[in-house]
Amino acid sequence: MKQPVISTSEARRNLGFKNGISRLCLEMTRRGKQAAHELAGMPTSAKNRVLKAMADGLERGAKEILAANARDLSAARKAGVQGALLDRLMLNKKRIGEMAQGLREVARLQDPVGQVISKRSRPNGLKIVKVRVPIGVIAIVYEARPNVTADCAGLCLKSGNSVILRGGSEAIHSNRAIFRRLEAAGRKVGLPAGALQLVWNTDRRLVDQLLGQVGGVDLVIPRGGEGLIRQVVEKAKVPVIKQYKGICHTYVDATADLKKAEEICYNAKVQRPGVCNAMETLLVHRQAAPRFLPAMARRYSRAGVTLRGDVATRRILHGMPVQPATEKDWATEYLDLILSVKVVGSLAEAMEHIRRYGSGHSDAIVTRSKPNAEKFLQGVDSACVYVNASTRFTDGGQFGLGAEIGVSTDKIHARGPMGLEELTTYKYEVTGTGQVRE
């Protein structure tokens, strides 16, 4: 195939653009490194003062932030965005208040920096202390979630890390407005220059450059859909903590309190369907299914939930609108008012289904059997495993971590909701009295 001809002038413009992006990334990481050095030694009281000022700045700037968000919402609607995706993008006074409250909660949390993890003395007299320290420069790449701008800023700064934020183009006006308020309020009370940075340019090539800043960026955390996360993992040359998707299950056991199960299953699917900890598959023991599914299905129908069921489910719900579930459905994160439903013959079958199709995020059992609860807790290898509670609790705030930087389905370094401790690493401080190794 004949390759398109690129003019010399166009090639120069492309080269100039690439060089400009490279210089911008280098400058941002340089500023971030300097700020991280200052933050690492910043007293807890000073960091808390910054966080409280940032919270106040958000509330004072609510009108400006909502106006910017209205621009993003208008553009999204014109582009055909609707449902759960539009809900993620939307801000209101309550959500701005929640962002501010999240910053204040982080300020109240114990500072992990400097905490002693362990200490030991060796026979030769060396004293070895393992101490928590900041990671350094953290880059957050995220999509249409403007609240991430405030949540991640607060957690990174409290844990002594500088942060580079790169939100999606669909929330660019909201992110800029939030950032302006956070940065201006923080700088007034001692936030180091470069500690909080936002990538204003929406060109994706800038993200690629950022992901390649070995020695400049210490960690990347992507927040968004599976497509974004896979792109980041494939292109990154620096460490990444990730959560590919949240295919969360609830298993209603044969011994379950069905009224309790109905409330848990309704909350797990309907309360906020467009988030990673919402239930995507409902598993029901065949002994409980004839009593449980009809009432549950009617309640889901009133809430606008589309059901996709296996043969047994469709047989029990005969005459009700249930679509046939396909193999693809069991492995799908809908992030919408859609639910896959399967009738299983045993606890072992339920756990096998979760092992095969789950994403290692959050899974729950509703049961009155303590042995079954213990088997589920031990047999399901997910970041968060629940007994008689909704998967919607997989959240940093709900776990008492303040806000969260994300939910990791990795097993190394951080797993589940990531708060302040997960944004630190450690070093060994070794004190001697002149020892030398023989």
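The values are calculated or read from the model by the stated rules, or taken from the named source; none is laboratory data. Worth saying up front: this structure is predicted, and the values here are computed from it rather than measured. Note: ideal-geometry Cβ built from the backbone for every residue, glycine included; neighbour counts use all protein chains shown. To get the accessible areas, we keep the full protein, side chains included, count just its heavy atoms, and leave off ligands, DNA and RNA. Shrake-Rupley method; radii C 1.70, N 1.55, O 1.52, S 1.80 Å.
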State, as an integer percentage, the relative contact order of the chain based on alpha-carbon contacts under 8 Å between residues 6 or more apart.
18
All alpha-carbon distances of the range 233-387, grouped into 10 Å bins from 0, give the whole-percent distribution 12, 43, 34, 8, 3, 0
Listed by chain and number, the residues whose amide H is under 5 Å from that of VAL344, excluding neighbours fewer than 5 places away on the same chain and using placed H, are VAL284, HIS285, ARG286
Roughly speaking, what is the stretch gain from ASP410 to SER369, that is 0.36 nm per residue apart minus the C-alpha to C-alpha distance, in nm to one decimal?
11.7 nm
Nearest-10 value in Å² for the accessible area of LYS119, using the 1.4 Å probe
150
Out of residues 5 or more away from ALA383 or on other chains, whose amide H comes under 5 Å of its own, with H placed 1.01 Å from N in the peptide plane?
HIS361
Once you sort the root eigenvalues of the Cα gyration tensor of the range 319-411 as a ≥ b ≥ c, which label holds: rounded (a/c under 1.5), prolate (a/b larger than b/c) or oblate (the other case)?
oblate
Of the DSSP H helices in the chain, those whose Cα atoms cover at least 27 Å axially and whose Kyte score averages 1.6 or more
none
Residues ARG356 and TRP200, FRET efficiency given R0 of 41 Å [Cβ-Cβ distance, rounded to 0.05]:
0.40
Would you tally the net charge around LEU89, using a Cβ to Cβ cut-off of less than 12 Å, leaving LEU89 out, and scoring K and R as +1, D and E as -1?
+1
Any chance you could check the Cα centroid distance between the range 107-142 and the range 32-78 for me, in angstrom?
26
So if I take the centroid of the Cα atoms in the range 288-323 and the same for the range 157-192, what is the distance between those two points in Å?
46
Quick check for you: with a 1.4 Å probe and neighbouring chains kept, what is the accessible area per residue of the range 284-372, in Å²?
48
In the neighbourhood of THR313 defined by beta carbon distances under 11 Å, the net charge of the other residues (Lys, Arg +1; Asp, Glu -1) is +4
Between the range 325-355 and the range 210-285, what is the separation of their alpha carbon centroids in Å?
15
Per residue solvent-accessible surface (Å²) - the range 121-170, probe of 1.4 Å:
26
Per-residue ellipticity at 222 nm attributable to helices in the chain (runs of n ≥ 4 DSSP H, -39500 (n - 2.57) apiece, nearest 500 deg cm²/dmol) works out to -14000 deg cm²/dmol
Surface share of carbon and sulfur [accessible, 1.4 angstrom probe, percent] for the chain:
50
Expected max-MSF residue from VAL199, VAL137, VAL305 in the GNM of the chain (alpha carbon, under 10 Å) is VAL305
How big is the accessible area of HIS173 in square angstrom, nearest 10, if you roll a 1.4 angstrom probe over the protein chains?
50
Could you list, bin by bin from short to long, the percent of Cα-Cα pairs of the chain in 10 Å steps?
4, 19, 26, 23, 17, 9, 3, 0, 0
